[in-house]
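These notes concern the structure reproduced below.
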Amino acid sequence: MRIGDLATEAGVTPRTIRYYESMGLMEESPRSPGAFRRYTQQDVERLRKIDALKKLGLDLEEIRSVIGLYFSDPTGIRGKEKVLAILHKHLEEVDSKLAALKGFRKDLLSNIERMEELLRKANAGG
């Protein structure tokens, strides 16, 4: 199939496909005698897997590090193990950010209370 057909079937744009090829997420497909790229059903599956991994929260660099595992290991176990490790890392980062935000929130509340007290005193004439 041609790039337009692939894009339609996978629900992406031809520009996205070219971008993914330039990043190494998609392998460059062979060209037909007319110099058109030719794609297969496996390319459709690869694009759908990329989309599924994006929905899990992986960025394109992380996807690039795992996508080949899904197509070289028929069980998919190696890919899933690596994705699980990435998701655990994301969770650690989120927990760290949440802790920092909770500390920031506590500081904000303290500052708000202090400013409100200063304003009460100023308005009371003291």
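The values are calculated or read from the model by the stated rules, or taken from the named source; none is laboratory data. Given the structure is predicted, the values throughout are model-derived calculations rather than measurements. Here Cβ is always computed from backbone atoms with ideal geometry, including for glycine, and neighbour counts include all displayed protein chains. Heavy atoms of the whole protein, side chains included, go into the accessibility calculation; ligands, DNA and RNA do not. Shrake-Rupley method; radii C 1.70, N 1.55, O 1.52, S 1.80 Å.
I want to confirm something. Restricting to segment 71-115 and keeping residues that are among the polar types (S, T, N, Q) and open to solvent by less than 80 Å² (accessible area, probe 1.4 Å), which single residue is nearest to Leu25 (Cα to Cα)? Before you say what the answer is, go through the steps one by one.
At the first step, the residues of segment 71-115 found to be among the polar types (S, T, N, Q) are 72, 75, 96, 110-111.
Then keep just the ones that are open to solvent by less than 80 Å² (accessible area, probe 1.4 Å); that gives 72, 96, 110-111.
Details: Ser72: 14, Ser96: 30, Ser110: 48, Asn111: 48 Å.
For segment 71-115, the residue satisfying everything is Ser72.
How about segment 46-84: which of its residues are hydroxyl-bearing (Ser, Thr, Tyr) and at pLDDT below 95? So that I can check it myself, show each step before the final result.
Filtering segment 46-84 for residues hydroxyl-bearing (Ser, Thr, Tyr) gives 65, 70, 72, 75.
Hits for segment 46-84 are Tyr70, Ser72, Thr75.
Residues are listed down the side, and each one gets a yes or a no for (1) in a helix (DSSP H, G or I); (2) touching a helix residue (DSSP H, G or I) at 6+ places or on another chain (Cβ under 6 Å):
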residue: Arg15; (1), (2): yes, no
residue: Glu27; (1), (2): no, no
residue: Pro33; (1), (2): no, no
residue: Leu47; (1), (2): yes, yes
residue: Phe71; (1), (2): yes, no
residue: Leu84; (1), (2): yes, no
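Consider Leu118 against the criteria (1) of a type in the set (A, V, I, L, M); (2) open to solvent by 50 Å² or more (accessible area, probe 1.4 Å); (3) under 27 Å from Asp5 (Cβ atoms): it satisfies all of them except one. Which criterion is unmet?
Single failed check for Leu118: (3).
How many residues does segment 1-16 contain that are without any contact (Cβ under 8 Å) to a residue 40 or more places away in the chain and open to solvent by less than 50 Å² (accessible area, probe 1.4 Å)?
Of the residues in segment 1-16, 6 are without any contact (Cβ under 8 Å) to a residue 40 or more places away in the chain and open to solvent by less than 50 Å² (accessible area, probe 1.4 Å).
Which one is farthest from Leu53 (Cα to Cα) among residues in segment 14-34 that are among the polar types (S, T, N, Q) and modelled with pLDDT of 75 or more?
Residue satisfying both the conditions and the ranking: Ser29.
Across segment 86-126, what is the total count of residues that are outside any helix (DSSP H, G or I) and among the hydrophobic types (A, V, I, L, M, F, W, C)?
Kept after step one, since they are outside any helix (DSSP H, G or I), are these residues of segment 86-126: 124-126.
Then keep just the ones that are among the hydrophobic types (A, V, I, L, M, F, W, C); that gives 124.
Residues meeting the conditions: 1.
Which condition from (1) open to solvent by less than 70 Å² (accessible area, probe 1.4 Å); (2) touching a helix residue (DSSP H, G or I) at 6+ places or on another chain (Cβ under 7 Å) is the one that Arg64 breaks?
(1)
Among the candidates Tyr19, Tyr39, which residue alone is open to solvent by 80 Å² or more (accessible area, probe 1.4 Å) and either of a type outside the set (S, T, N, Q) or touching a Leu at 6+ places or on another chain (Cβ under 8 Å) (or both)?
Answer to the check: Tyr19.
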